[in-house]
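Report on one structure; see the data block that follows.
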Amino acid sequence: MKRKWFKIIEKGVESVLFTSSLTTSITVILIVIFLFSEGIGLFFSKPIDKDSIIGISKQNTVSKLSSAQLNHIFNQDLTNWKAFGGKNDSIQLLSINNIGDYFAEEELGSSFENIPNKINEFVQKHPGAIVSFSKTYMPKQFAGKLLEINNVGVWEFLSGKLWYPTAQPVAQLGVLPLILGTVLVSLVAILMALPLSIACAIYLAEVANSKIRNILKPLIELLAGIPSVVYGFFGLIVIVPEVQRIFNLPVGETAFTGSIVLAIMALPTIITVAEDALRSVPRSTKEASLALGATHWQTIVRVCIPTAKSGIAAGIILGIGRAIGETMAVLMVTGNASTMPSLFAPARTIPATIAAELGEAPSGGLHFKALFALSIILFIITFGINLSVSYVKNKNKSN
Amino acid sequence: MKKVVSIVMSLVMAGAGVVNAQRVVCKIKGSDTCLPLIQKESETYQKKNAGSSIMVTGGGSGVGFAAILAGTTDIAMASRSMKMDEKLKMNEAGKAYTEKVIAKDALSVIVNPTNKIGQLTREQLEGIFTGKITNWKQVGGEDLAIVVYSRETSSGTYEFFKEHVLNKKNFGPKALLMPATGAIVQSVSQTKGAIGYVGLAYLEKTVKALKVSYDKGKTFVEPSVENAKNKTYPITRPLYFYYLKSSEKQVGSFVNYLLSAEGQSIVLKEGYIPLQ
């Protein structure tokens, strides 16, 4: 009778365990699906607002412009149609935000009902006109012609070097500087953190006596508990001026500064996990090595580290994960200039971009989708790192 | 018994009195520039009018406008006026709103105190912030690379500076976008070739404010409360409150308090420029 009850309870516990692991996996999958469904939409939209149109005068011989070319026009870098293969006419801009320069607000009507007429008037008057407006205010019989604009291309998105997601009317969505910035900052951070943290883990696990370990271990774990914004502030006030002074740079907010802060932040994660792995090497294995005449150091290098390899690798993955995904500290110390990164110049990372801009981006808009597309890239990067590390781990095991 | 009844009565009366006096419950969201001022104003207001509860949050002017459009805030505070496309969106949503200027703010262009340059024209500022001028040598200073600090794109200060100083051109790609005004002050104070812009209220002794000329170098004006008040300093901007006409009753008394002599004295105390 009792046995029967036990069996039922066991079954119950089993199913609880099963459901909890199932929910976790489903949640993860749902998040990934959500990410992709929001982000992929970017490549089916045009780099202008959903309801916007761009029109030019009928006499104009130009009919197609890339988003980079439009950026030059609305940035007033190029002010003549000749630069785009058109006639020698100076470019006249009219958009929703400068319509006040040409027409008084009273002229537009109390609920802006006169805007369509004014657009037509402008296009007819100026042969070099280019107008950008919401479709709602599109005249019924447009006196000009509409400009064709291509969808955002995947390649254009990945290889573009300009990131002006809020530029009006045509957003510039080039994420290459952001991707390279993220990779550079976290790669250098891990290169700095690895030797230090592995050495520290070995010392704590194998060399230090229990008295020292009892002081050091809680201290290191405390480091993991400090909020990242505190690291960021510390970086901004202490590390930024030092980097600037030591390397004699014009500016201290650089990719390198971000790497230093990230390295400090990744330390406790790697140390704690790697130390646990080293300490869980079976006593018998170590004693066998010592009994065969190996010295303490030979035992550490030849026996303990290879045995604990997978645990150390797990620590490294977690450390890299923390470095790549870290937002706040990086946002504060790397300067966030979206230029092609070099180690001693300001850089902008993907998480910092998402954190700084998502609050402003209207939900479902182009900017919003672009930020989700960015997070897909971030996801793919971390996923790739995880895969490669587990590949290395398995390879070592089979040897 | 009579006593008890009278106490209860007086309590009820008192309660009713509080309701009749301006008991304001509202949410305010938007510009980070306005944030310290409005927080101070709402604190003093709440102290004087028990039972009022005013929640003030920042995020940027654009965030405030998005929130009032979505109906998640009662008042949008902003350091720039509503853009035309935002007006159109409000119009499409059928939301009539009131715009009130509540105070003014002057933007000061700041450099590191070791910088010899003390004044710049608007054209020079445009060149520097759009990335065409890259060395202090080009504007008469020493041979030192210029490091441009700006706010993030969600900031109203960013938009205002772009519109009124850069003539609507984009910031150069090398500009460092900082998450907060305090961070700009900190960075400019410790970077030799730095230039940035902050509200007058954020000026500190660790940075140097430049005199600015808007008439091609004829007169250079120093940013100060005085010069902003008498309108000689050019980079001055109004700070706004936007609220729906339908919620006028709910928020009106707080807005009136802001515009009162007492509210405006707090404006001055906090380093902003009061309306006359």
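The values are calculated or read from the model by the stated rules, or taken from the named source; none is laboratory data. None of the values given here were measured: they were computed from a predicted structure. Because the Cβ atoms are built from the backbone with ideal geometry, glycine has one as well, and the counts that use them run over all protein chains shown.
The condition of being touching a helix residue (DSSP H, G or I) at 6+ places or on another chain (Cβ under 9 Å) and without any contact (Cβ under 8 Å) to a residue 12 or more places away in the chain does not hold for A:G128. A:R348 falls short of the stated requirement of being crowded, with 20+ Cβ neighbours inside 10 Å, in contact with a helix residue (DSSP H, G or I) (Cβ under 6 Å, 6 or more places away or on another chain), basic (K, R) and away from chain B (no Cβ under 14 Å). What are the pairs with Cβ atoms under 9 angstrom where one residue, in the range A:99-122, is within 13 Å of chain B (Cβ to nearest Cβ) and farther than 21 Å from A:G144 by Cα and the other, located anywhere, is surrounded by fewer than 16 Cβ atoms within 10 Å (Cβ to Cβ) and of a type outside the set (S, T, Y)? Sequence gap at least six, or different chains. Matching pairs, first to second residue: A:S111/B:N91.
Within the range B:130-149, residues that are more than 10 Å from every other protein chain (Cβ to nearest Cβ) reach partners that are part of a loop (DSSP other than H, G, I, E, B) and loosely packed, with under 14 Cβ neighbours inside 10 Å with beta carbons closer than 6 Å, at six or more positions or on different chains, in the pairs B:W136/B:E142; B:K137/B:D143; B:G141/B:K116. Going by the structure shown, is A:E287 among the acidic types (D, E), closer than 15 Å to A:E206 by Cα and touching a helix residue (DSSP H, G or I) at 6+ places or on another chain (Cβ under 7 Å)? It is false that A:E287 is among the acidic types (D, E), closer than 15 Å to A:E206 by Cα and touching a helix residue (DSSP H, G or I) at 6+ places or on another chain (Cβ under 7 Å).
Restricting the range A:351-391 to residues that are within 14 Å of chain B (Cβ to nearest Cβ) and of a type in the set (S, T, N, Q), the residue that is farthest from B:L177 (Cα to Cα) is A:S363. Quick check, is A:E287 at pLDDT 90 or above, buried (at least 21 other Cβ atoms within 10 Å of the Cβ), over 28 Å from the mean Cα position of the chain (by Cα) and over 21 Å from B:V111 (Cα atoms)? Criteria not met by A:E287.
Being touching a Phe, Trp or Tyr at 6+ places or on another chain (Cβ under 8 Å) and either touching a residue at least 12 places away in the same chain (Cβ under 8 Å) or among the aliphatic types (A, V, I, L, M) (or both): is that true of A:V154 here? When the stated conditions are applied, A:V154 passes them.
A single entry from A:G293, A:G225, A:G252 fulfils the requirement of being within 27 Å of the chain's Cα centre (by Cα), assigned by TED's automatic domain parsing to the domain that holds A:F344 and over 22 Å from A:I324 (Cβ atoms): A:G252. Looking only at residues of the range A:223-234 that are part of a helix (DSSP H, G or I) and free of Cβ contacts under 8 Å to residues at least 12 places away in the same chain, we find that the one that is surrounded by the fewest Cβ atoms within 10 Å (Cβ to Cβ) is A:G225. Listed conditions (1) assigned to a loop (DSSP other than H, G, I, E, B); (2) surrounded by fewer than 17 Cβ atoms within 10 Å (Cβ to Cβ); (3) within 14 Å of another protein chain (Cβ to nearest Cβ); (4) not aliphatic (A, V, I, L, M) are all met by A:N88, apart from (3). When each of A:F18, A:F36 is tested for being surrounded by 10 or more Cβ atoms within 10 Å (Cβ to Cβ) and within 30 Å of A:S67 (Cβ to Cβ), the lone residue that passes is A:F36.
Of all the criteria given as (1) touching a Leu at 6+ places or on another chain (Cβ under 7 Å); (2) within 30 Å of B:S265 (Cα to Cα), the one not satisfied by B:L107 is (1).
A single member of B:F171, B:F160 is within 14 Å of chain A (Cβ to nearest Cβ), aromatic (F, W, Y), part of a loop (DSSP other than H, G, I, E, B) and under 21 Å from the mean Cα position of the chain (by Cα), and it is B:F171. Quick one: would you say B:G15 is at pLDDT below 80 and within 19 Å of the chain's Cα centre (by Cα)? Criteria not met by B:G15.
In this structure, is B:V198 within 16 Å of the chain's Cα centre (by Cα) and not basic (K, R)? So B:V198 fits the description; yes.
The residue that is farthest from the other protein chains (Cβ to nearest Cβ), among those in the range A:225-284 that are touching a helix residue (DSSP H, G or I) at 6+ places or on another chain (Cβ under 7 Å) and charged (D, E, K, R), is A:R279. Note on the range B:68-122: no enclosed strands (runs of 3 or more DSSP E) hold 1 or more residues that are crowded, with 20+ Cβ neighbours inside 10 Å, free of Cβ contacts under 8 Å to residues at least 24 places away in the same chain and more than 14 Å from chain A (Cβ to nearest Cβ).
Here the helices (runs of 4 or more DSSP H) wholly within the range A:279-381 that include at least 1 residues being under 20 Å from B:G60 (Cα atoms) and acidic (D, E) are A:350-357.
Taking the options A:A313, A:A337, A:A361, A:A356, name whichever one is aliphatic (A, V, I, L, M), modelled with pLDDT under 90 and in contact with a His (Cβ under 8 Å, 6 or more places away or on another chain). After ruling out the rest, the residue left standing is A:A361.
Here is the figure for the range B:18-54: residues that are at pLDDT below 80 and part of a helix (DSSP H, G or I) total 3. Among the residues of the range A:337-370, those identified as free of Cβ contacts under 8 Å to residues at least 40 places away in the same chain and either on the phi < 0 side of the Ramachandran plot or among the polar types (S, T, N, Q) (or both) are A:A337, A:A352, A:I354, A:A355, A:A356, A:L358, A:G359, A:P362, A:S363.
Taking the range B:175-198, which residues are at the interface with chain A (Cβ under 9 Å from one of its Cβ atoms), outside any strand (DSSP E or B) and over 17 Å from A:V330 (Cα atoms)? Within the range B:175-198, B:Q190, B:T191, B:K192, B:G193 qualify.
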